[in-house]
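K.L.:
First the structure, which I've put down as structure tokens, then a few questions once you've had a look.
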Amino acid sequence: YPESIDYALMRARAQVHYAASESAAVKQFERRVRDDPESAAAQYGLALALSAAGRHTEALPLADGLFSLNPHKLLYVGAYAELLTAAGKHDQALTLLERQLLLNPENAPLSMLYATVLTQNAEYDIAEMVLQRQSQIRSHDVDVWYDLAEVSGLAGNIVGVHRARAEYYALHGAYTKAIQHLEYARRLVSQSDTQLHAKLEQRITDLRTELRSAQS
């Protein structure tokens with residue numbers, strides 16, 4: 001059976017990633033485009049390879065062409081946004097992702113990419129909100145909590161850093177470290193913020209229960 005276009009695109013992406021060098025990837029996909037000029041996977045791979053090699057002026061027209069052919073294919077959207085970002089065109093990448101997220105508001109890969117571009121554009125508060133939403137939807141995804149801790153630090157939200165790190169460690173079974181981070185957070189929160197204090201106390205209690213269960 002012929003492979004699906006999505007599989008072919010992901011395979012091309014992997015081949016670029018694991019190529020011996022950026023120039024080797026460019027040569028490989030230039031050859032594939034010459035052999036089959038109509039191949040979307042070959043063009044996609046070449047765009048990624050050119051971008052990785054820093055040849056953005058050549059990569060972007062290829063990505064733009066693929067995106068224009070099928071602007072709703074998420075692999076094209078993601079690749080185009082990544083290539084725009086790599087070329088320093090953050091505003092264009094953000095506009096593209098915002099438009100797509102209106103259509104697919106809970107899409108995880110697009111949301112994570114959106115947060116990455118926002119962070120690179122020093123829009124830390126918005127990136128933090130995006131990742132906080134993802135942490136609610138995908139509370140068992142360690143990557144979300146890791147990224148949230150990083151961007152919370154950049155946004156100056158130290159309590160948020162400790163809360164995100166606590167969940168990251170809890171997912172790895174490191175309950176003692178997780179509890180320590182929540183205790184740090186609790187010490188930083190004003191006594192007048194009774195609601196947040198209550199949430200932190202409850203989470204500490206839950207994690208102590210999980211720790212006892214793991215040790216038994």
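The values are calculated or read from the model by the stated rules, or taken from the named source; none is laboratory data. Treat the numbers as computed from the prediction; the structure is a model and nothing was measured. With ideal geometry, Cβ positions are generated from the backbone for all residues, glycine too; neighbour counts draw on all protein chains shown. Please note that ligands, DNA and RNA were not included when accessible areas were found on the heavy atoms of the full protein model with its side chains. Shrake-Rupley method; radii C 1.70, N 1.55, O 1.52, S 1.80 Å.
K.L.:
Among all residue pairs at least 6 apart or on different chains, which show Cβ distances below 6 Å where the first residue, located in region 112-133, is at pLDDT 95 or above and the second is among the acidic types (Asp, Glu) and in a helix (DSSP H, G or I)?
P.N.:
Leu131/Asp147
K.L.:
When residues of region 154-178 are filtered for being open to solvent by less than 60 Å² (accessible area, probe 1.4 Å), under 13 Å from Tyr124 (Cβ atoms) and touching a helix residue (DSSP H, G or I) at 6+ places or on another chain (Cβ under 7 Å), how many remain?
P.N.:
Residues that pass the stated criteria total 4.
K.L.:
Ok, one more. Tally the residues that are closer than 24 Å to Glu106 by Cα and hydroxyl-bearing (Ser, Thr, Tyr), restricting the search to region 134-176.
P.N.:
Adding up the residues that qualify gives 5.
K.L.:
Considering only region 54-76, state which residues are small (Gly, Ala, Ser) and surrounded by fewer than 17 Cβ atoms within 10 Å (Cβ to Cβ).
P.N.:
Listed by number, the residues that qualify are Gly54, Gly65, Ser68.
K.L.:
Can you confirm whether region 100-116 contains a residue that is open to solvent by 50 Å² or more (accessible area, probe 1.4 Å) and within 20 Å of Gly160 (Cβ to Cβ)?
P.N.:
yes
K.L.:
Here is a list of conditions, (1) surrounded by fewer than 17 Cβ atoms within 10 Å (Cβ to Cβ); (2) under 28 Å from Val151 (Cα atoms); (3) charged (D, E, K, R), and Glu30 meets all of them except one; can you say which number that is?
P.N.:
(2)
K.L.:
Kindly list the number of the only condition in (1) modelled with pLDDT under 95; (2) among the small types (Gly, Ala, Ser); (3) crowded, with 17+ Cβ neighbours inside 10 Å that fails for Ala20.
P.N.:
(3)
K.L.:
Cβ contacts < 9 Å: first residue under 22 Å from Tyr168 (Cβ atoms), restricted to region 180-202; second residue among the acidic types (Asp, Glu), any location; separation 6+ or different chain. Result?
P.N.:
Short answer, once both residue conditions are applied: His181/Glu167; Leu182/Glu201; Arg186/Glu201; Leu200/Glu183.
K.L.:
Within region 13-46, which residues are among the charged types (D, E, K, R) and more than 17 Å from Tyr80 (Cβ to Cβ)?
P.N.:
Glu22, Lys27, Glu30, Arg31, Arg32, Arg34, Asp35, Asp36, Glu38
K.L.:
Quick one: which helices (runs of 4 or more DSSP H) sit completely within region 114-216 and have at least 2 residues that are closer than 25 Å to Leu94 by Cα?
P.N.:
Here the list reads 124-137, 142-154, 158-171.
K.L.:
In this structure, does Leu75 turn out to be closer than 24 Å to Asn121 by Cβ and touching a residue at least 60 places away in the same chain (Cβ under 8 Å)?
P.N.:
yes
K.L.:
Next question. Under 6 Å between Cβ atoms, at least 6 apart or on separate chains: pull out the pairs that start in region 51-68 with a residue that is among the polar types (S, T, N, Q) and end on any residue that is surrounded by 14 or more Cβ atoms within 10 Å (Cβ to Cβ).
P.N.:
Matching pairs, first to second residue: Ser51/Ala59; Ser51/Leu83; Ser51/Ala86.
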